[in-house]
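Please read the structure below before turning to the comments.
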Amino acid sequence: MRYFCLAFGLMLWTTSAATALDIEEQRLFPGTGDRVLRVLSTTDLDLFAPYILSFQEVRPEISVDYTVVSSSDLHREIRDGAQFDLAISSAMDLQFQLANDGFAQPYRSDAIQNLPDWARWRDLIFAITAEPAVVVINTDRFSGLDLPATRQDLIALLRDNPDHFAGAVGTYDVRSSGLGYLFATQDDRATDAYWRLNEVMGRLEPQLYCCSGQMIDDVGSGRLALAYNVLGSYAADRLAADEGGRMQILQMQDFTNVMLRTVLIPTPAQNTEAAGAMIDVLTTLGMRDLPGEWPLPSLSLAGPLESSGLGPIRLGPALMVYLDPLNRRTFLTEWENAIEQQ
Amino acid sequence: MIKRRSIGRRLTLLLAAVAALLSALSWTMVTMLAREAAQRTQDNVLAASITTISETLRSEQGEIRLELPYAAFAMLGAISEDRVFYRVTVNEETLTGYSDLPSPDAGQQGQVMFGSDNYRGAAIRMAATRRVISAGDGPKLVTVTVAQTRDGAGAIAAELSQLAAILSVAFFAVAVALSAVVAATSLRPLNEIAAAVSRRGPSDLRPVQRAAPAELVPLLSALNRLMDRLRNSIRRSEDFIAEAAHRIRTPLATVRAQAEIALHTAQGDNDQERLRRIIRAVDESSRSAGQLLDHATVAFRTENLTRGRLDLAELAANTVAAVEPTASMRDIRLHLDATQAHIDGDAILLESAIRNVLDNAIKYSPEDTTVSLRITSDPDEARLEVCDEGPGLGEAPFDALTERFRRGANTAGIVGSGLGLTIVAEVLAAHGGRLELASSTNNERGGACVTFVLPSA
């Protein structure tokens, strides 16, 4: 009896842990059959819905249960063995760690073979988009100012106009955003200008965000003059919908981080056949040559970048370096010191 | 039944077996070396990785601090798509990394230790190094372990092994082809000697004079000794026959002379008839003995042919003159139609051959008939045709008639040895000529035509 109680208690605890998952959005795309493909993703529903509909054109019998969570939640869920058939995340480092640590199933198909080498790793993890980190500005608030082309320009601009930009600069809170942390660490690796930029931004009481979407909204509304390290794909999507034309995307000329949105099949997945079919659809769409009507950019855009040495962030074990707790602690301490100067 | 085994095939098979063994051996060794090389490559990168990590170890405010360098993992990712695990321990307590990752056996400080194990369901290769760092409360032993799955090294080894397998098979195929060539080349002298011996004529028993490889010299000299013995033995039996014939002929002549005398003095038909039979039998025996002697002479002389320039017409005339008395006894006319026909040959043998043919013709011809000889010649060949009006040669084939002691099917009632045409054929063969036998077409009464065909001189 006592064991039963214990078991029951454990069940309650696990259920409550499961419900503790902070779901941002969820929708069921019903199919004609019984099978349900459970997808856990960090991609906003409105951006990803066309892809699901495209998949259901090929496989109408499969229902798709699409759940949007943060990248760190997704990482934790998959690590804890949650029952999902597919995990799609923009945090490549966390995705990579899942694959490296054995939380992903291998998948092989002809569509996968067409992916360039840098867009897959060990038949475990596959890139479906290549998305740059960009600076988004509000053109109203930039009237009379030169548009920065490099990080040096940006540092000079912020330093020279502290009153203009005070409280009007936004960036990721790298402590809570997996993608923000990835962009920040890659910036750190690429240039020392990043830390000077952080110092300058820190003096301007920067606004910290969990997600690209809110940052872009605030730039659009004029609350922010500038947002640094925003996901270009989201910005482009909002820009297209923005009627005022007050937003502009700036791509830094010194270098641009290109993130790969990746997909993997978690080990406990049941519906692996459907998951594989979905990967085929996503990678095939990802390899398309023309931008087309799709909300997320194609992998082929990263091809020319790769040859120029400004390729996408490399899918490899080096991604795990910044995930090391000691490294993370050191990095966050430095970051806090720079950004939070009250 | 004794199974016939070809030395060539056996040699090829043996060489091929050796090649197969060597191919398999080289493949195994290359595979082992490839595995070893791939593992060493991986070990080197792992060692570089842990060295890079352990160099960032430092003590800060009494605590061990570590900054995992980007390069430490980037170099692992550069060589293969292997999964990477790491662990840093301070006094056996995990500082960071995968706390359940095994570590190779302890080595000396600063030394890099390697080991293989299984982790998270995959075979891993790991490297570890130890460093002592002074922190607040004294020195602490820090162990850095980095592990990598072995798929990349395995794939390289497998690829090289496959390449080695293809090369080994190719090597084997080439070796088999070469083995066949080697076997054929080695056996060529043997085949050449065999061919030389089998090319020889039926009575050629001269020693085989050929340069032979050392291994074949005993066989060759044994063969030559055997042929020598054989030749001597044949020579002795020919001599014996000649001697025997000669010895028989003399007493036979005496018997015949005595019988002639007895015939003249005998009274009464019965006695006379009996004596005539005796004389006929003695004649026949004498003729056979003569032929045996001729045959022995031919056998001896063909081996050491005395050649000279001869006129076939002259030979024919001489022989006709010699047999004229015998022919006239039976009212048989000998008609010689001769032109000059020069040939190269042994006069005694050729005369003997012509005489044998004429003897036959006279013997088988009915009384009061003609035996005609005709000589023709052209730049290539000289021909002597002897035709009679006798019973002919019967049904073909005529070739059998030149065999020793073989007589025609229609010779019953006439005594003969069956040696005549044999002698003729052997003589002509020794001169590079041939004997042609045909039924006569010259007259209605039929008869046989025997033609000598000899190369013109």
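In terms of the ratio Rg/(2.2 N^0.38 Å) built on C-alpha atoms, what value belongs to the stretch B:1-56? Numbers along the way, then the final one.
On the way: Rg = 24.1 Å, N = 56, 2.2 N^0.38 = 10.2 Å.
That ratio works out to 2.38.
Give me the percent relative contact order of the stretch B:7-158, please, defined on Cα pairs under 8 angstrom at least 6 residues apart.
Numbers: 241 pairs, mean separation 39.5, N = 152.
Normalised by residue count, the contact order of the stretch B:7-158 is 26 percent.
Over chain B, calculate the relative contact order: mean separation of alpha carbon pairs under 8 Å at least 6 apart, over the residue count, as a percent.
Details: 675 pairs, mean separation 47.4, N = 457.
Worked out over chain B, it gives 10 percent.
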For this session: Order A:S89, B:S286, B:S134, most accessible first, counting only protein heavy atoms with a 1.4 angstrom probe.
Result: B:S134, B:S286, A:S89
Problem set entry | Cα principal axis extents for the protein assembly as shown, largest first, Å | 178, 67, 66
Seminar exercise, completed: Long-range amide H partners of B:A457, meaning residues 5 or more apart or on another chain whose placed amide H is closer than 5 Å, are B:H342, B:I343, B:D344
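Please state the charge dipole magnitude for chain B, taken about the Cα centre, from unit charges on C-beta atoms (+1 on K and R, -1 on D and E), reported in debye and rounded to the nearest 20. All intermediate terms of the calculation are to be shown ahead of the outcome.
On the way: 49 positive and 54 negative charges, 260 e Å.
Here the size comes out at about 1260 debye.
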Exercise. For the protein assembly as shown, with the dipole built from +1 on Lys and Arg beta-carbon atoms and -1 on Asp and Glu ones, taken about the Cα centre, which of B:S440, B:S116, A:S233 lies farthest toward the positive end?
Worked result: B:S440
For this session: Return the whole-Å distance between the Cα centroid of the stretch B:159-186 and the Cα centroid of the stretch B:328-362.
Result: 71
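Which whole number of Å³ per residue matches the convex hull of the alpha-carbon atoms in the stretch B:7-158?
Working: hull volume 17.8 nm³, N = 152.
Here the figure is 117 Å³ per residue.
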For this session: Would you kindly find the accessible area of B:L437, with a 1.4 Å probe and non-protein molecules such as ligands, DNA and RNA excluded, rounding to the nearest 10 Å²?
Result: 30
Problem set entry | Distance in nm between pseudo-label sites at A:D117 and B:D344 (7 Å out along the Cβ direction from Cα) | 8.3
Problem set entry | Dimensionless Rg ratio for the stretch B:157-294, taking C-alpha atoms and the 2.2 N^0.38 Å reference | 2.40
Problem set entry | Rounded, prolate or oblate (a/c below 1.5 giving rounded, otherwise prolate when a/b exceeds b/c) for the stretch B:88-159 by Cα gyration tensor | prolate
Seminar exercise, completed: Rounded to the nearest 10 degrees, the helix B:151-198 long axis (Cα) sits at an angle to the longest Cα principal axis of chain B of 10
For this session: Rounded to the nearest 0.05, what FRET efficiency do B:E284 and B:E215 give with R0 = 51 Å and r taken as the Cβ-Cβ distance? Could you check?
Result: 0.35
Problem set entry | Test item: A:122-133 mean partner chain Cβ contacts at 10 Å | 1
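What is the magnitude of the charge dipole of the stretch A:145-255 about its Cα centre, with +1 placed on the Cβ of each Lys and Arg, -1 on the Cβ of each Asp and Glu, and no other charges, expressed in debye to the nearest 20?
Values: 9 positive and 16 negative charges, 32 e Å.
Computed about the Cα centre, the dipole is about 160 debye.
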Seminar exercise, completed: Taking 0.36 nm per residue of separation between B:R188 and B:A266 and subtracting their Cα-Cα distance, the length gained on full extension comes to 20.5 nm
For this session: Working from Cα positions, state the angle (0 to 90°, nearest 10) between the long axis of helix B:269-303 and the longest principal axis of chain B.
Result: 40
Problem set entry | Computed label-point distance, nm, for sites A:R79 and B:S456 using a 7 Å Cα→Cβ extension | 11.7
For this session: Return the calculated 222 nm mean residue ellipticity for chain A, to the nearest 500 deg cm²/dmol, obtained by summing -39500 (n - 2.57) across DSSP H runs with n ≥ 4 and dividing by the residue count.
Result: -13000 deg cm²/dmol
Exercise. Relative to a virtual label point 7 Å from the Cα of B:A317 in the Cα→beta-carbon direction, which members of the stretch B:370-389 show backbone nitrogen distances below 16 Å?
Worked result: B:373-376
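Grab the eigenvalues of the alpha-carbon gyration tensor for the stretch A:92-204, scale each by 5, take roots, and send me the semi-axes largest first in whole angstrom. Let's see the in-between values first.
On the way: eigenvalues 282, 49, 27 Å².
Values for the stretch A:92-204, descending: 38, 16, 12 Å.
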Exercise. At a 1.4 Å probe, which residues in the stretch A:73-115 are at least 30 Å² less accessible with all protein chains present than in their chain isolated?
Worked result: A:N100, A:D101
For this session: Mind pulling the per residue volume of the convex hull built on the Cα atoms of chain B? Å³ is fine.
Result: 274
Problem set entry | Over chain B: helical MRE at 222 nm, DSSP H runs n ≥ 4 each giving -39500 (n - 2.57), nearest 500 | -19000 deg cm²/dmol
Problem set entry | Whole-Å distance, taken between Cα centres, linking the stretch B:60-102 and the stretch B:250-319 | 124
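Report the full-extension gain for the segment B:A222 to B:E92: residue separation times 0.36 nm, less the Cα-Cα distance, to one decimal in nm. Walk me through the numbers on the way to the answer.
On the way: separation 130, 0.36 × 130 = 46.80 nm, distance 8.81 nm.
That works out to 38.0 nm of additional length.
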Exercise. Ranked highest first by the average count of other Cβ atoms within 10 Å around their residues, in what order do A:260-273, A:151-164 fall?
Worked result: A:260-273, A:151-164
For this session: Note down the Stokes-Einstein diffusion coefficient of chain A in µm²/s, whole number, using a Kirkwood radius over alpha carbon pairs, 20 °C, and 1.002 mPa s.
Result: 102
For this session: May I ask for the accessible area buried between chains A and B, both sides summed, probe 1.4 Å, to the nearest 100 Å²?
Result: 2000
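From the protein chains alone at 1.4 Å, what is the descending order of accessible area for B:I124, B:I234, largest first? Display every interim value, and only then the final one.
On the way: B:I124 0, B:I234 70 Å².
My answer, sorted largest first, is B:I234, B:I124.
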Exercise. Once you sort the root eigenvalues of the Cα gyration tensor of the stretch B:190-235 as a ≥ b ≥ c, which label holds: rounded (a/c under 1.5), prolate (a/b larger than b/c) or oblate (the other case)?
Worked result: oblate
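With +1 assigned to the C-beta of every Lys and Arg and -1 to the C-beta of every Asp and Glu, and no other charges, what is the dipole magnitude of the stretch B:1-74 about the Cα centre in debye, to the nearest 20? Numbers along the way, then the final one.
Numbers: 9 positive and 6 negative charges, 292 e Å.
Here the size comes out at about 1400 debye.
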Problem set entry | Between helix B:70-79 and chain B: long-axis angle, C-alpha atoms, 0 to 90°, nearest 10 | 10
Exercise. Using 0.36 nm per residue, how much length does the chain from B:T254 to B:E67 gain when fully extended, once their Cα-Cα distance is taken away?
Worked result: 53.4 nm
Problem set entry | At least 40 Å² of accessible area lost relative to the chain alone, listed for the stretch B:95-109 with a 1.4 Å probe | B:T96, B:Y98
Exercise. Averaged across the residues of B:60-69, what count of C-beta atoms belonging to other chains lies within 10 Å of each residue's C-beta?
Worked result: 3
Problem set entry | Calculated P(r) tail over 29 Å for the stretch A:14-167, as whole % of Cα pairs | 37
For this session: Mind giving me the FRET efficiency for B:I166 and A:A156? R0 is 51 Å, r the Cβ-Cβ distance, nearest 0.05 is fine.
Result: 0.25
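Could you compute the FRET efficiency for A:E334 and B:L33, with r as their C-beta to C-beta distance and R0 at 41 Å, rounded to 0.05?
On the way: r = 48 Å, r/R0 = 1.18.
With a Förster radius of 41 Å, E is 0.25.
The values are calculated or read from the model by the stated rules, or taken from the named source; none is laboratory data. Source: prediction; values computed, not measured. Neighbour counts are summed over all protein chains in view; Cβ atoms, including those assigned to glycine, are modelled from backbone coordinates with ideal geometry. Areas reflect the complete protein model, heavy atoms only, side chains present, ligands, DNA and RNA absent. Shrake-Rupley method; radii C 1.70, N 1.55, O 1.52, S 1.80 Å.
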